[in-house]
Structure formats: structure tokens, C-alpha cells
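One structure is given here, and the rest of the page talks about it.
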Amino acid sequence: MELLTPGLGLVFWMTLSFLLVLWLLKKFAWKPILESIKQREEYVSQSLEQANQARQELEKVKEDAEKILAQARREREEMIRDAQQMRSRIISQAEEDAKKAKQRKLEEALQEIDAAKQNALKEIKDTVAELSIDIAEKVLLSQLDDKEKQKKYINDLLKNANLN
Amino acid sequence: MRVKAFSLLAILLVFSTFTFAQQGKREKQGFNAGDFVIDEVLDAYWWHIASYKGHEIAVPLPVIVHSKLRNKWFFFWSTKLYHDKSYKGFFISHVSPTKGKIVERDKNGNLIRPLDLSITKDVLAIWISIIILLAIFLPISKRYKKKTLEPPKGFQALMEPIILFIRDDVARASIGEEKYEKFMPFLLTVFFFIFMNNFLGLFPFFPAGANVTGNLAVTGVMAFFTFVITTINGSKHYWRHIFWSPDIPWWLKAPVPLMPLIELAEVFIRPTVLMIRLFANILGGHIVRVTFVALIFIFFIGFGLAAALGISVISVFFIVFLTFLELLVAFIQAYVFTFLSAIYFGMAVEKEH
């Protein structure tokens, strides 16, 4: 029977003590503990989110890098192509120029040859005239009786002149 | 192994019935098993540790009483009342209904209970448990504040899963995400207070061993707090559900308010059951374990030292076994009280759906 009759004093002290421990633990233990656990959980989830974001950003950066790399590659190829074109153009130009120069030199040479030929011909003509005059002089001077001999002599002179 | 245990139980049963037959003889020799067991689980004015050659080894506790007859407060140590002594007209009653309590006599010789606010064994045990709780949780709390983002360590690591369990599986699950936070301090305090007192009750000697949670006053106060919190947090929906539930046909509500009365009774029955469940479970555990101790005395008186030594082996075995069982019960009962409180809070704050 005593088991089932709660002592008034115990009820009083229990109420007081329980309220006290409830207040003390609430103020100095549960609030900071729950707050800290919450903060930590938020921190963890935030960190996870940030890590996720960072990963996505990294992927984006990677993509960008690849794009830039591809563009660079394209540009390089273009540059190489341009350079090759330019090279071949320069080479062909150079060849053409060389050809032209050669042509011009050839023409000049030909002209010079021509001029020299003309000069030579003129000199030959002069020489022939002089020779003719010499021959005629000699013919006239010898006054040969033999007609035949005269003819032969002229022919010889001519032959000699031609050989010159 | 099982066969052995059963045969041991059988022997135990035979002997105990035999000793019950000799009850009269035992009483003459000054040992009453029933009184012994009940005394062990009851509240007391001092904390008895042992008796040695007629001397009581006990922790004396302050007696605080207010005599209605003399209209005066009295403060004195309980040592003044040892061995049925009387002090300033106060003594400990031996007859029901005031048995075991401090009483005084009026002019007609009737036993009168003064207003008794003594610091009894259970009050001291409550204070010890409170000091232990504070000693555990205040340093933990400090570490939480200082190293918020660091992983828990030591005692903190031991307590955090329990705190998270109460928060996530008890409070959040029963009360709901929006309102659970408000009830967390009460739920955590109730859980750890009950568990700590259940746990301390398992150890047989001072400063543990008091039957705190197996006392109706203690469980009653906590159940009353649950009741008060439930009632003051009751939403419109909660009260409407009690007095005019839409799920119940009208003829059960009017003209005879049958269901409302049942629902209203339930409001009071719930905390009452909460009070009795914890009380009965812990008291039961204490009584069974003390009974095994009493068995040794019974055997000593009935059959002598050899029988007592023999039975003490069995008794100790069972007491150890039961202590482990009670450790489980200590946790389960703390959990059940907390969980049901949370469910009642959840019912109170539930919104219209």
C-alpha cells in the first residue's frame, strides 16, 4: 500500500528538481548542443553542395579549356595553311621573277649579239670594200696581158678575201 | 545448460514453498521477506547501507516537517529517529496507512502526518542523478560550442547518437519537422533523467541503488509535465477531435456525449498510463532482484549457513542475469516514456488535414 501512495515531499522535491534540471540542461546543454549539431549538419551539407558546384565548375572549365584548345588548334592549322600558301606564292613569285630576269638578260644578250653582228658585218663590209679597192688597185697596177691569168688572179684574191 | 537451469529453478521453487510454510518461525527470528523487499524499494528517511552488530551504517538525511498541530517548522537529522526513537514528538509509524512515514500524535492519540518535505533517500538520489547529468552534459556542451565543426570525441561521441536518435526518430518522427524543436529540451531531459535513474538503480550500493523511477511520485511528476505540455500546446484541431470528432457518427456525440467523454478520459488516462508503466517496470525489476537477496536470508534462517551459501550462488547468478536484463529495460522504458510523450505532443500540435 505504501508503494502506491506517493509522498507529498517527494512530489514537491521532484517537481522542483526536475524543473531545475530541465532549465539547466535546456539553457546550458540542449540548446548549444542541438544548435551545434544543426550548424555542423548545415556545414556538411553546404560543403557537399559547394563540392558539387566546384565539380560542375571544374567540368565547365575543362569544357572551356577544350574549346579554347580546339580553337587554338584550328587557328594553328589555319596559320600553317596560310604560311604554306604564302610560301608557295613567294616561291612561285620568285620563280617568275627569276624567269623574267633570265628572259630580260637573254634578250639583252641577243641584242648585244645582234649589235655585235651588225658591227662585224659592217666591219666585214668595210674590209671587203677595202679589199676590193686593194684588189682593183693591184689588178690595175699589174696590167696583165693574159686575160685568163687576170681572171684567175681575181678569183684567187676573192677566195682569199672570203676566207678572211 | 538449459536442463540444468530448469532443474535449478525447480529446486528453488520447492525450497521456497517449504520456507513459506515456516513463515511464523521466521517472523519470530526477525526476518520478514515481504517487509525486507518492500523496505528496499520504498523511499526512506535515511540511506541504509548495512547493519553491523546492531549498528546501522546509513547516510543520515535532513528531516523537514511542518507540524499542523503546533503550526511550526522542524528541521533535524534523521539520525534522531533511528531505532524507533522519538524526537520532539515525531517518530516513524509502524501501522497503515502511515506506515514508514514520520508522524506525531494529537491529544486523542491519533497518528497525524505533518507536512513532510524531508530530503529523503529518493530526493538525494534524484539530486545525485542531476549532478551526474550536469557533469556529463555541461562539458560536452562546452566542446560542442568550442569545436562546433569537429567530429565528436569521447563521451560526446557516446551521447551524440542518442541525442540524434531522440531528435530524428522520436521527436521529428512523432511531432513533425515544423514543431519538434520546441519539445526537444523536455524530451531529452526526460529521456536522460529516466535512463540515468534507471541505470543508477541497478547498482546495489550508495550513491546508486535507490528506486527512484520505481516510485509513483517521480513518474507521476514527469507524466504530469507531459500532460501539461500536451494540454497547453493543444491545437484547435486537437480539442475538436476530442469534443466533436468529424470521424464519429453524430449519435455517438449527441444527445449523450459518449465519444467525447471517452476521448476526454483518454486525455487523462494517457499520462496516467505513462506514470504507471515506468513505475511498474522499474519497481518490478527492483523487487525481483531484492527477492533473490531475500532468498539467501530465508535459506540462512530456515536451513543454516550451508544452504544459504548454496542458494547464494544461484541468487547471485540470477541477480547478475537480471541486472543485465534490467539494463535493457532501463533503456527501453526511458525510450518508451520519451517516445509516447513525443507522440502525445505530436497529437496536440497536429494541424487540420
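The values are calculated or read from the model by the stated rules, or taken from the named source; none is laboratory data. Because the structure is a prediction, the values reported are computed rather than measured. Don't worry about glycine lacking a Cβ; one is built from the backbone with ideal geometry, like all the others, and counts go over all protein chains shown. Note: accessible area is taken over every heavy atom of the protein model, side chains too, but ligands, DNA and RNA are not part of it. Shrake-Rupley method; radii C 1.70, N 1.55, O 1.52, S 1.80 Å.
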Checklist entry - Which one of these is open to solvent by less than 100 Å² (accessible area, probe 1.4 Å) and more than 33 Å from the chain's Cα centre (by Cα): A:Ala120, A:Ala65, A:Ala101? => result A:Ala120
Next on the checklist: Quick check on this structure: which one of B:Leu133, B:Leu81 is in the same structural domain as B:Asn215 (by TED's automatic domain parsing) and either closer than 20 Å to A:Leu3 by Cα or aliphatic (A, V, I, L, M) (or both)?
Outcome noted: B:Leu133
Checklist outcome for this item: Across (1) in a helix (DSSP H, G or I); (2) open to solvent by 20 Å² or more (accessible area, probe 1.4 Å), B:Thr230 clears everything bar (2)
Item to check | Qualifying residue in segment B:168-176 (condition: open to solvent by less than 10 Å² (accessible area, probe 1.4 Å), touching a residue at least 60 places away in the same chain (Cβ under 8 Å) and assigned to a helix (DSSP H, G or I)) | outcome: yes
Next on the checklist: Name the single residue that is nearest to A:Phe12 (Cα to Cα) among those in segment B:42-91 being modelled with pLDDT under 85 and assigned to a helix (DSSP H, G or I).
Outcome noted: B:Tyr82
Item to check | Verdict on A:Trp13 being in a helix (DSSP H, G or I), more than 7 Å from chain B (Cβ to nearest Cβ) and open to solvent by 20 Å² or more (accessible area, probe 1.4 Å) | outcome: no
Next on the checklist: Just the residues that are aliphatic (A, V, I, L, M) and either within 7 Å of chain B (Cβ to nearest Cβ) or open to solvent by 80 Å² or more (accessible area, probe 1.4 Å) (or both), please, taken from segment A:38-55.
Outcome noted: A:Leu48
Checklist entry - Do the conditions hold for B:Ser7, that is, is it assigned to a helix (DSSP H, G or I) and either at pLDDT 85 or above or surrounded by 15 or more Cβ atoms within 10 Å (Cβ to Cβ) (or both)? => result no
Checklist entry - Going by the structure shown, is B:Phe193 in contact with a Ser or Thr (Cβ under 9 Å, 6 or more places away or on another chain), surrounded by fewer than 24 Cβ atoms within 10 Å (Cβ to Cβ) and part of a helix (DSSP H, G or I)? => result no
Next on the checklist: Conditions first: (1) within 26 Å of B:His48 (Cβ to Cβ); (2) at the interface with chain A (Cβ under 10 Å from one of its Cβ atoms); (3) of a type in the set (Val, Ile, Thr). B:Ile128 passes all but one, so which condition is the exception?
Outcome noted: (2)
Item to check | So B:Phe205, is it within 14 Å of another protein chain (Cβ to nearest Cβ) and within 30 Å of B:Lys121 (Cα to Cα) | outcome: no
Checklist entry - Of all residues in segment B:97-118, which are among the basic types (Lys, Arg) and either within 21 Å of A:Met14 (Cβ to Cβ) or open to solvent by less than 40 Å² (accessible area, probe 1.4 Å) (or both)? => result B:Lys101, B:Arg113
Item to check | Of residues in segment B:135-146 being out of contact with any Phe, Trp or Tyr (no Cβ under 9 Å at 6 or more places or on another chain) and facing another protein chain (nearest Cβ under 7 Å), the one surrounded by the most Cβ atoms within 10 Å (Cβ to Cβ) | outcome: B:Tyr144
Checklist entry - Which condition number does B:His94 fail, the rest of (1) in a helix (DSSP H, G or I); (2) more than 9 Å from every other protein chain (Cβ to nearest Cβ); (3) out of contact with any strand residue (DSSP E or B) (no Cβ under 6 Å at 6 or more places or on another chain); (4) open to solvent by 20 Å² or more (accessible area, probe 1.4 Å) being met? => result (1)
Checklist entry - So which of A:Leu4, A:Leu8 ends up being at the interface with chain B (Cβ under 7 Å from one of its Cβ atoms) and loosely packed, with under 12 Cβ neighbours inside 10 Å? => result A:Leu4
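For segment B:147-163: of the residues being loosely packed, with under 13 Cβ neighbours inside 10 Å and modelled with pLDDT of 90 or more, which is farthest from the chain's Cα centre (by Cα)?
Step one: list which residues in segment B:147-163 are loosely packed, with under 13 Cβ neighbours inside 10 Å, which gives B:149-151, B:153-154, B:157-158, B:161.
Among the residues that remain, those that are also modelled with pLDDT of 90 or more are: B:157-158, B:161.
Values: B:Ala157: 28, B:Leu158: 25, B:Pro161: 25 Å.
Ranking the qualifying residues of segment B:147-163, first place goes to B:Ala157.
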